[in-house]
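Each remark here refers to the structure printed beneath this line.
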Amino acid sequence: MPSGERVSRLVEREQGLLLARRLEREVLPYRQALAANPKDIDARLQIGTIYARNGVLDVAQREFDAILEIDPRHASALNNRGNLYFGRGDFERALDAYRTAEELDPADAGIRLNAALAFYRLGKLSEARDKFREATKLKSDITAQYGAFAKLLGN
């Protein structure tokens, strides 16, 4: 009978293989779109988002970087790059990405919300409150969606 540790490793390996197969199925239509048009930014953005959402950050980063090579002013790619930095705990770099994204797409409330979260994690509560308020002015339902965060900020 295999040891508990060995069984755990085998289960972990199988789970990783299942995740890889699921992700490849999920990104397949976007990979096909890229095969037809290697500069299809929307397809790359979807691939990067799928990988990021599933914790495969290095692949997600490559996709966002590829978008920014094609279009250095792509706000969504910059915002998503900021999300990767945020997830790694690099809140200053996340803020840099969010600031640039916000300049490029000032109507995107999500970018401002992300900046508010990064400011909060850095302990900059005043800046976090300001960004959160800006986000809610652009999209009023953010307060309902992020009510707990609003309470933390005293909004």
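Read-outs: derived from the displayed coordinates by stated rules, not from any lab. Since this is a predicted model, take the numbers as computed values, not measurements. All Cβ positions, even for glycine, are placed from backbone atoms using ideal geometry, and neighbour counts span all protein chains on display.
Relative to the present Cα-Cα distance, how much length would full extension add between Arg13 and Ala33 at 0.36 nm per residue of separation?
Result for the pair: 4.2 nm of gain on full extension.
Treating only the Cβ atoms of Lys and Arg (+1) and Asp and Glu (-1) as charged, compute the dipole magnitude of the chain about its Cα centre; round to the nearest 20 debye.
Dipole of the chain, to the nearest 20 debye: 420 debye.
Using C-alpha pairs under 8 Å with a sequence gap of at least 6, the mean separation divided by the residue count of the stretch 82-155 gives a relative contact order of 24 percent. For the chain, relative contact order (Cα pairs under 8 Å, six or more residues apart, normalised by length) works out to 12 percent. Build a GNM of the chain with springs between Cα atoms under 10 Å: which of Asp141, Asp96, Asp108 gets the top mean-square fluctuation? Of Asp141, Asp96, Asp108, the most mobile in the Gaussian network model is Asp141.
Expressed per residue, the C-alpha convex hull volume of the chain stands at 148 Å³. Projecting label points 7 angstrom from Cα along Cα→Cβ for Val56 and Arg73 puts them 3.3 nm apart. Residues whose amide H comes within less than 5 Å of that of Asp105, counting only those at least five positions distant or on another chain, are absent (H built at 1.01 Å from N in the peptide plane). Judged by the mean number of other Cβ atoms found within 10 Å, the most tightly packed of the peptides 77-83, 123-129 leads the ranking 77-83, 123-129.
For the stretch 82-155, the alpha carbon positions stretch 27, 25, 18 Å along the principal axes, listed from largest to smallest.
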